[in-house]
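Engineer: Before I ask anything, let me first share the structure, which is written out below as structure tokens.
The values are calculated or read from the model by the stated rules, or taken from the named source; none is laboratory data. Remember, predicted model here, so these are calculated numbers, not experimental data. Ideal geometry is used to build each Cβ from the backbone, glycine not excepted, and the neighbour counts take in all protein chains shown.
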Amino acid sequence: MNTTRNTFVFGLGVAIALLAGWVIFPRALYVRQNQPLAFHHKTHAEKSGFTECGQCHALRDDGTFGGIPSSDTCTSCHSERMGASHDEAVLVDNYVKTGQEVPWLVYARQPANVWFSHAIHVQRAGLACAECHSTYGQSDEVRIYEQNRISGYSRDIWGHSISRIRLGRHDGMKMDDCEDCHRRHHVQVGCLGCHQ
Amino acid sequence: MKITRRDLLVWGAGATAGLVFTPVPWKLLSDVSIWTQNWRWIPQPTHRPVDVKGSFCTLCPNGCGMRVRMVAGWPVGVAGVRSHPISRGALCPLGFAAHQLIWHPQRLRTVRHRGSASSWDEAHVAFAKACTEGPVVIVDGYPGHAASSLFEAFAEKQRGSYRVVSGPEAQALTPYETWSGVPAAALGYDLENVRTIVSFGAPLLDGWGTPGQFTRLWAERAVGSADPDLRLIQIEPSLSRTAARAWQRSAIHPGGETALAAGIARVLLEEQLVQARGPMPPLTLAQSAEQSGLSTDAIRDLARLIVGRPPVVAIASDDNPSIAALNVLLGAVGTRGGIVQKSKHAKSHLPAESELDSVRAVLIDSSVPGDFVPRTDAEVFRFAAWDGGSSKADWLLPAPGFLEELTDIPTAPTSAIETYAIASSLVKAPPGVQSAAQFLGRVDPDLTPVDKIIHTRCEALFRARAGTLCAQETTPVAMIPSVEKLEEQLRIGAVWMGEPQHPGGLRCKLSEWPQAPRSECPPCNSLGTWQAPVLPPLASKLYQESSLREGPERRNA
């Protein structure tokens, strides 16, 4: 009787720990935040006729990556409100007319001790943007930004799955993922390649 | 059903066991480690556009070319410059991590007098008083740069003395100065044209000279070949990194270099393996063998091997005159691929290691290595950017650190070609920091300031219309329209490179084989391996934990 009871209680402990660790912990670990504006990549690509990511997310003349376009870029179309939505009003009134930058939450922002060159990866190695950023550039939804409560990093750095089982090459941007990609492409980079 | 204490314990054990099979411990470990990297007081660069500036490393006299990545006015990364004619894109681990030195916890920010806080005014008063009471010695670590001219002028006006502390590479050239009358600072190694190098313990592949120069030559002309175009024969007691990668290695007894050089010279003369006739070493071959630890046959084979592929040059790790005499015998002085005269303007200076008698005060520039200790009872004013534990300094004065001071970079000590560059001040020095040149300029306002000396040097280069300016493209100086344009290019990272000198102008007179004693100062610190005063975290990883450069204790083991 005692053995059965002990086994049941022990199993209950295991089950609760597994439930907490695999279901509750991942939800509790990340803070979910909305982007300041609802930006739709697909709509913008269709209306502007742009087909390449680099047409907006351009490399500068010196090879550095321009990142997210500044609010000046929005001005060419959004100098006045183009619709009646709340986000359109916020964009025009708070950012375009005031010249302030939209505080986008960057899903792929790397830590400060990492030096990553888009020019080397895109131009020299010929990697497609989707290799790291998935097909978000073709979607018509605004993803929720999930920030780790402890490290402060975006969830995209760790990857979608808490177990680090990757759903695709774009899933996860930790050093292991960089090393894995470099190994696949037979490119060796020492410590100083990224941690200069 | 009653819940017992045993139930709670069993439940806890089950929960703990279950937790191990969840990502909680591993994820928390990862996140907490990242959290510790992002504490508020750890400096973080802001997210701004990256600005890349050309500059030069000023942490040792070699002045390797650097590209400094700046964000919001702060350096966040350093990389080499391929267009630099000497360093050719390479940097040592310390140079790679030098941007972190700005935040180093041992950075000096206040004046210290015998361990207590003091002020610049008090230091000025004390130094001015010392100048009136007796001779003052200025000690410089990078002779030839603009501040050196200011130091020399000050010492001359005060009837004091200007001394220099040279690194081991420059020290190795001093015997030739004695025999030829040409200052050691005017000499260099023509490594581009040499085909056999006999290194007597010089760490050629481990940071010797301008770190990138020899490693690049080695990569291009030796790596992967059983019979390379560039042969490196390393003679060393321990299996150093250079010895392990050399084409041939001879393991000798510690301190056996002098005897082995004499033995090789005897074989060269007896078997007439060289054209030159020189004094016969006093040691017999058997004595050389006994003292060096090699057999007589091994010394004979080594001598034949050395002359097998000329041009040959022997490189010492210190000022050993026997190794210098071996070079004279090999015909490696004043010839292509050997020791050549690179400059006709360099001057000879008194070494700082000698006794400093009857001196009232010694002022030590921040360019002097931290382990240099002057042998004097005089009052010592020491400038340093970081407190590396320097002793024997009455006054410890905070100097500008990496990238915080405008300075020029004269020719590297081992280079065979003259170069000139300017390292601009890219970062504002913290308040309360002064260079030795600024300090002396306040004591004597008539001294020409460093920026004017640099401008005068640029004017001299422009007027001479010789040499080329190396940047992304190479431009002859004769094609540059104005001195302002020349100085502007130099200030943003270009390097002036002079014309190669004809090697034939250097002649050494050697009437007898030099005796063994070298410099009289016993374990003289400045002759040892150059060591950084402090290490930034990244360099500590690369340079100390991985022991990329051997410490003296291992080399002497």
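Engineer: Checking the conditions here, which among B:ARG360, B:ARG309 is surrounded by fewer than 24 Cβ atoms within 10 Å (Cβ to Cβ), farther than 20 Å from B:GLY278 by Cβ, basic (Lys, Arg) and not assigned by TED's automatic domain parsing to the domain that holds B:ALA399?
Structural biologist: Details: B:ARG360 fails: not assigned by TED's automatic domain parsing to the domain that holds B:ALA399.
After ruling out the rest, the residue left standing is B:ARG309.
Engineer: Working only within the stretch B:290-317, note down all residues that are within 17 Å of B:GLN272 (Cα to Cα) and part of a strand (DSSP E or B).
Structural biologist: Answer for the stretch B:290-317, where residues must be within 17 Å of B:GLN272 (Cα to Cα) and part of a strand (DSSP E or B): just B:VAL312.
Engineer: If you don't mind, another one. Determine whether the stretch A:92-110 contains at least one residue that is farther than 18 Å from A:LEU37 by Cα, buried (at least 16 other Cβ atoms within 10 Å of the Cβ), within 14 Å of another protein chain (Cβ to nearest Cβ) and without any contact (Cβ under 8 Å) to a residue 12 or more places away in the chain.
Structural biologist: Taking every residue of the stretch A:92-110 in turn, none turns out to be farther than 18 Å from A:LEU37 by Cα, buried (at least 16 other Cβ atoms within 10 Å of the Cβ), within 14 Å of another protein chain (Cβ to nearest Cβ) and without any contact (Cβ under 8 Å) to a residue 12 or more places away in the chain.
Engineer: Can we say B:TRP41 is free of Cβ contacts under 8 Å to residues at least 60 places away in the same chain, among the hydrophobic types (A, V, I, L, M, F, W, C) and more than 11 Å from chain A (Cβ to nearest Cβ)?
Structural biologist: Criteria met by B:TRP41.
Engineer: Next up: Please go through the stretch B:391-443 and pick out each residue that is among the β-branched types (Val, Ile, Thr) and in contact with a helix residue (DSSP H, G or I) (Cβ under 6 Å, 6 or more places away or on another chain).
Structural biologist: Those that are among the β-branched types (Val, Ile, Thr) and in contact with a helix residue (DSSP H, G or I) (Cβ under 6 Å, 6 or more places away or on another chain): B:THR414, B:ILE422, B:VAL443.
Engineer: Hey, among the residues in the stretch B:486-540 that are surrounded by 20 or more Cβ atoms within 10 Å (Cβ to Cβ) and of a type in the set (S, T, N, Q), which one's modelled with the lowest pLDDT?
Structural biologist: B:SER526
Engineer: Can you find a residue in the stretch B:344-357 that is buried (at least 24 other Cβ atoms within 10 Å of the Cβ), of a type in the set (A, V, I, L, M) and either without any contact (Cβ under 8 Å) to a residue 40 or more places away in the chain or not in a loop (DSSP other than H, G, I, E, B) (or both)?
Structural biologist: No, that holds for no residue.
Engineer: What are the residue pairs meeting all of these: first residue in the stretch B:296-313, first residue touching a residue at least 40 places away in the same chain (Cβ under 8 Å) and aromatic (Phe, Trp, Tyr), second residue part of a helix (DSSP H, G or I) and surrounded by fewer than 18 Cβ atoms within 10 Å (Cβ to Cβ), Cβ atoms under 7 Å, and 6 or more apart or on different chains?
Structural biologist: Close Cβ pairs satisfying both conditions: none exist.
Engineer: Return the total of residues in the stretch A:1-43 being more than 14 Å from chain B (Cβ to nearest Cβ), touching an Asp or Glu at 6+ places or on another chain (Cβ under 7 Å) and under 24 Å from B:LYS27 (Cβ atoms).
Structural biologist: Within the stretch A:1-43, residues that are more than 14 Å from chain B (Cβ to nearest Cβ), touching an Asp or Glu at 6+ places or on another chain (Cβ under 7 Å) and under 24 Å from B:LYS27 (Cβ atoms) number 1.
Engineer: Just need a number here: residues in the stretch B:451-485 that are touching a strand residue (DSSP E or B) at 6+ places or on another chain (Cβ under 7 Å) and part of a helix (DSSP H, G or I).
Structural biologist: Counting residues in the stretch B:451-485 that are touching a strand residue (DSSP E or B) at 6+ places or on another chain (Cβ under 7 Å) and part of a helix (DSSP H, G or I) gives 4.
Engineer: While we're looking at this one, here's another question. Please verify whether the stretch B:199-220 includes one or more residues that are over 22 Å from the mean Cα position of the chain (by Cα) and buried (at least 20 other Cβ atoms within 10 Å of the Cβ).
Structural biologist: No, the stretch B:199-220 has no match at all.
Engineer: Restricting attention to helices (runs of 4 or more DSSP H) lying wholly within the stretch B:91-169, give those where 2 or more residues are outside the structural domain of B:LYS392 (by TED's automatic domain parsing) and either free of Cβ contacts under 8 Å to residues at least 24 places away in the same chain or buried (at least 22 other Cβ atoms within 10 Å of the Cβ) (or both).
Structural biologist: Values: elements: B:93-96, B:120-133, B:146-157.
By residue number, B:93-96.
Engineer: Here is a further query. Test B:VAL380 against the stated conditions and say whether it is under 17 Å from B:VAL137 (Cα atoms), of a type outside the set (Asp, Glu) and in a loop (DSSP other than H, G, I, E, B).
Structural biologist: Considered against the rule, which asks whether it is under 17 Å from B:VAL137 (Cα atoms), of a type outside the set (Asp, Glu) and in a loop (DSSP other than H, G, I, E, B), B:VAL380 comes out as no.
Engineer: Does the stretch B:426-449 contain any residue that is closer than 30 Å to B:PRO500 by Cβ and buried (at least 19 other Cβ atoms within 10 Å of the Cβ)? Spell out the reasoning first.
Structural biologist: At the first step, the residues of the stretch B:426-449 found to be closer than 30 Å to B:PRO500 by Cβ are none.
Scanning the stretch B:426-449, I find no residue that is closer than 30 Å to B:PRO500 by Cβ and buried (at least 19 other Cβ atoms within 10 Å of the Cβ), so the answer is no.
Engineer: Within the stretch A:59-83, which residues are of a type in the set (Val, Ile, Thr) and closer than 21 Å to A:LYS47 by Cα? Full working, then the answer.
Structural biologist: Our first condition is that a residue be of a type in the set (Val, Ile, Thr); within the stretch A:59-83, this holds for A:64, A:68, A:73, A:75.
Listed by number, the residues that qualify are A:ILE68, A:THR73, A:THR75.
Engineer: Let me ask something else about it. Search the stretch B:72-115 for residues being among the β-branched types (Val, Ile, Thr) and either within 13 Å of chain A (Cβ to nearest Cβ) or over 18 Å from B:TRP386 (Cβ atoms) (or both), and hand back the single one that is nearest to the chain's Cα centre (by Cα).
Structural biologist: Residues of the stretch B:72-115 that are among the β-branched types (Val, Ile, Thr), as a first pass: B:76, B:78, B:81, B:86, B:102, B:110-111.
With the extra rule that they be either within 13 Å of chain A (Cβ to nearest Cβ) or over 18 Å from B:TRP386 (Cβ atoms) (or both), the set shrinks to B:76, B:78, B:81, B:86.
Working: B:VAL76: 23, B:VAL78: 18, B:VAL81: 18, B:ILE86: 14 Å.
So, considering only residues that are among the β-branched types (Val, Ile, Thr) and either within 13 Å of chain A (Cβ to nearest Cβ) or over 18 Å from B:TRP386 (Cβ atoms) (or both), the one nearest to the chain's Cα centre (by Cα) is B:ILE86.
Quick grid of which residues meet (1) loosely packed, with under 15 Cβ neighbours inside 10 Å; (2) out of contact with any strand residue (DSSP E or B) (no Cβ under 7 Å at 6 or more places or on another chain); (3) away from chain B (no Cβ under 13 Å); (4) not in a loop (DSSP other than H, G, I, E, B):
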{"residue": "A:GLN123", "(1), (2), (3), (4)": "yes, yes, yes, yes"}
{"residue": "A:CYS132", "(1), (2), (3), (4)": "no, yes, yes, yes"}
{"residue": "A:GLU141", "(1), (2), (3), (4)": "yes, yes, yes, no"}
{"residue": "A:GLN147", "(1), (2), (3), (4)": "no, no, no, yes"}
{"residue": "A:ARG169", "(1), (2), (3), (4)": "no, yes, yes, no"}
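Engineer: Taking A:VAL189 as the residue in question, decide whether it is surrounded by fewer than 13 Cβ atoms within 10 Å (Cβ to Cβ) and within 14 Å of another protein chain (Cβ to nearest Cβ). Break it down stepwise before answering.
Structural biologist: Values: surrounded by fewer than 13 Cβ atoms within 10 Å (Cβ to Cβ): yes; within 14 Å of another protein chain (Cβ to nearest Cβ): yes.
It is true that A:VAL189 is surrounded by fewer than 13 Cβ atoms within 10 Å (Cβ to Cβ) and within 14 Å of another protein chain (Cβ to nearest Cβ).
Engineer: Taking the condition modelled with pLDDT under 90, touching a helix residue (DSSP H, G or I) at 6+ places or on another chain (Cβ under 7 Å) and within 27 Å of B:LYS509 (Cβ to Cβ), does B:ASP319 pass? Before the answer, list the steps.
Structural biologist: Details: modelled with pLDDT under 90: yes; touching a helix residue (DSSP H, G or I) at 6+ places or on another chain (Cβ under 7 Å): yes; within 27 Å of B:LYS509 (Cβ to Cβ): yes.
Judged against the criteria, B:ASP319 is a match.
Engineer: To continue, here is another question. Please indicate, with yes or no, whether at least one residue in the stretch B:246-260 is farther than 14 Å from B:LEU294 by Cβ and either over 24 Å from the mean Cα position of the chain (by Cα) or modelled with pLDDT under 90 (or both).
Structural biologist: So in the stretch B:246-260, the residues farther than 14 Å from B:LEU294 by Cβ come out as B:246-247.
So of that shortlist, the ones also either over 24 Å from the mean Cα position of the chain (by Cα) or modelled with pLDDT under 90 (or both) come out as B:247.
Looking through the stretch B:246-260, at least one residue is farther than 14 Å from B:LEU294 by Cβ and either over 24 Å from the mean Cα position of the chain (by Cα) or modelled with pLDDT under 90 (or both).
Engineer: Okay, moving on. Here are the criteria: (1) touching a Ser or Thr at 6+ places or on another chain (Cβ under 6 Å); (2) assigned to a strand (DSSP E or B). Tell me which single one B:SER322 does not satisfy.
Structural biologist: (2)
Engineer: Residues to consider are B:THR4, B:THR22, B:THR16, B:THR36; find the one that is more than 9 Å from chain A (Cβ to nearest Cβ) and over 30 Å from B:VAL68 (Cα atoms).
Structural biologist: After applying the criteria, what remains is B:THR4.
Engineer: For B:VAL68, state whether it is closer than 18 Å to B:LEU406 by Cβ and either within 11 Å of chain A (Cβ to nearest Cβ) or β-branched (Val, Ile, Thr) (or both).
Structural biologist: Yes, satisfied.
Engineer: Hey, another quick one. Does the stretch A:59-70 include one or more residues that are surrounded by fewer than 12 Cβ atoms within 10 Å (Cβ to Cβ), part of a helix (DSSP H, G or I), within 12 Å of chain B (Cβ to nearest Cβ) and at pLDDT below 90?
Structural biologist: No, the stretch A:59-70 contains no residue that is surrounded by fewer than 12 Cβ atoms within 10 Å (Cβ to Cβ), part of a helix (DSSP H, G or I), within 12 Å of chain B (Cβ to nearest Cβ) and at pLDDT below 90.
Engineer: In the list B:ALA262, B:ALA219, which residue meets the criterion of being part of a helix (DSSP H, G or I) and under 22 Å from B:GLY331 (Cα atoms)? Show your work before the answer.
Structural biologist: Numbers: B:ALA219 fails: under 22 Å from B:GLY331 (Cα atoms).
Going through B:ALA262, B:ALA219 in turn, just one is part of a helix (DSSP H, G or I) and under 22 Å from B:GLY331 (Cα atoms): B:ALA262.
Engineer: Let me spell it out: the conditions are (1) exposed (fewer than 13 other Cβ atoms within 10 Å of the Cβ); (2) away from chain B (no Cβ under 14 Å); (3) under 30 Å from B:VAL24 (Cα atoms); (4) of a type outside the set (Phe, Trp, Tyr), and A:GLU46 meets all of them except one. Which number is the exception?
Structural biologist: Among (1) exposed (fewer than 13 other Cβ atoms within 10 Å of the Cβ); (2) away from chain B (no Cβ under 14 Å); (3) under 30 Å from B:VAL24 (Cα atoms); (4) of a type outside the set (Phe, Trp, Tyr), the lone unmet condition for A:GLU46 is (3).
Engineer: Being assigned to a helix (DSSP H, G or I) and either farther than 25 Å from B:ASN38 by Cβ or within 14 Å of another protein chain (Cβ to nearest Cβ) (or both) narrows it down to one residue among A:ARG164, A:ARG183; which is it?
Structural biologist: Result: A:ARG183 is the single residue among A:ARG164, A:ARG183 that is assigned to a helix (DSSP H, G or I) and either farther than 25 Å from B:ASN38 by Cβ or within 14 Å of another protein chain (Cβ to nearest Cβ) (or both).
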